[in-house]
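Readers should treat all values here as calculations from the given coordinates under stated rules, not as data from a laboratory. Predicted model, so just to flag it, every value in this text is computed and none were measured. Don't worry about glycine lacking a Cβ; one is built from the backbone with ideal geometry, like all the others, and counts go over all protein chains shown.
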Amino acid sequence: MSHRSVRVIVFVLALACVGAGGYFVVTIEDAVVAERGAERVFESQAHEAALLVERLRTAQQSYLAEGQGADYWMGKVTDTRAALERMLTNLATSATAERAQTAARGGAHLLGQHARLDNRARTYMRQQQGLMASDLIFTEISGLTGEIARHIDQARTEQRTASDARIDEIQRQQLYVLAGAAALTLLCALLLVARGRPATPEDTREALRALMNDGTPAGGALLRGEPGAHAAPTAAGAAPRTAPVVPISAAASRADTVDLAATARVCADLARVADPAELPALLERAARVMDASGLIVWVADGSGASLFPILAQGYPPSVLARMGSIGRDADNAAAAAYRQGELRTVPAHDSLPGAIVAPIITGQGCVGVLAAEMRHGAERDEATQAITAILAAQLATFVTALPAGREGE
C-alpha cells in the first residue's frame, strides 16, 4: 500500500464506513425510540380502557343502590360504554400486532351484547322487578364485563410481546451494522498500515526464489544479481567485477547507522558456538545488525552440485522444510555467489525486496552462501555488504559441522 492515491482512496473508504455506520446506528436507534413510544401510547390507551370497564361495572351495579335514582346511573353507563367503545376502536387501530387487533375488536364486539343485556336490566328496573335486575346485573352482565376486561388485557400483552420482539430485531440489526462497519474500518486500517511487499506470499518457496532471481531478459527475470562491492576475483589473475554505484551521501548515511560494536559481539558469540541449537538466536541478532528482514544459510551437498537451506531466520518454520535445492548452475544470485565465490546483490524492484548473498568460504573452497533479504534499500550500501561478508566468513568456522545438504537429491 505504497501508492499515495490508493492510500487516499482507502482512507476515504474508511471514513465512509464510519459515516455510514454512524448514520445507520442513529437511524436504527430512532426506530427503537419510535417503537418504544408507540408501545407506551398503546399501554396508556389499554390502561384507560381497563378503567372504563371498571367504571361501567360500578355504574351498572349502582342501579340497585338504595336512595339513589337509577336514571342517573343509567346515563353514566351509556356515556361510559360509548367512551369504552371509542377506546377499543382506537386500540384496534393503533395495534401493530395482529393478535392485539383481534383482541381489541373482540372487546368492542362484546359491548354490543352488553348494551342488549343492559336494556333488559333497565326494563326490569322500570317494572320494579329488582330481583330480576339484580340477578341479570351480577351474573350475566358482570361476567360479560369481565370478558371485555380480559380482551383488553390480552391486547395489551400481545402488543407488548410483539413490540419487544421488534425491538430485539432492530437491536440485532444495529449490532450487525456496527460489526460490519467496524470490520470494514479495520480492514481499511490494515490496508493503510501495510507497506512494502507482502510479508508471506502464497507460494513462499517461489517468492524466495524470485528474491534471488538472477535471470536474463530471455528468461523473463525481473531482478538482476550484481557483484557486490567486496567481490573477490572470479579467476586467477582476473580483476574483480565492477561494484554497483552507490551515491556517496547514501553510503555515508548508512555507515553512520552501522553498529560495529554489535557486529563484533555477534561475531565473537558465533566463534564460541558449541551447540548448533544456539544458531537461530545468533542469526536473529545478526539480522537486526544488518537491518535484514530474513536470513537463510545455504550449504552445498557433498558433491557441490546443489545448495540446500539448513537455517532460516525471519520466515515461518515451515518455509525451510518446503524449500527445495538450488542447482550450482542455476540462474540466480545464490548460485552465482556460490560458483564464483563472490558477494552478490539483488536490487529491490517494485514490491520485491533487495538481497545480499555472501559466499561462505573455508579452506576447501566455497561451501555455501548466506542470503539476506534487505529492507530500506540496504542491499546497495557498502557498509552493510561488508557486514554480511564478515558474518558469512564467521559462519565458515563451523558450517561444515552442520548437515551439509542431502547428497544426491
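Listed values, structure above:
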quantity: Packing-based order for 293-305, 26-38, 333-345, using average beta carbon neighbours within 10 Å, highest first; calculated: 333-345, 293-305, 26-38
quantity: For ARG375, residues with placed amide H under 5 Å, excluding near neighbours; calculated: SER293
quantity: Stokes-Einstein D (µm²/s) once Rh is taken as the Kirkwood radius of the range 262-409 over alpha-carbon pairs, at 37 °C in 0.692 mPa s; calculated: 217
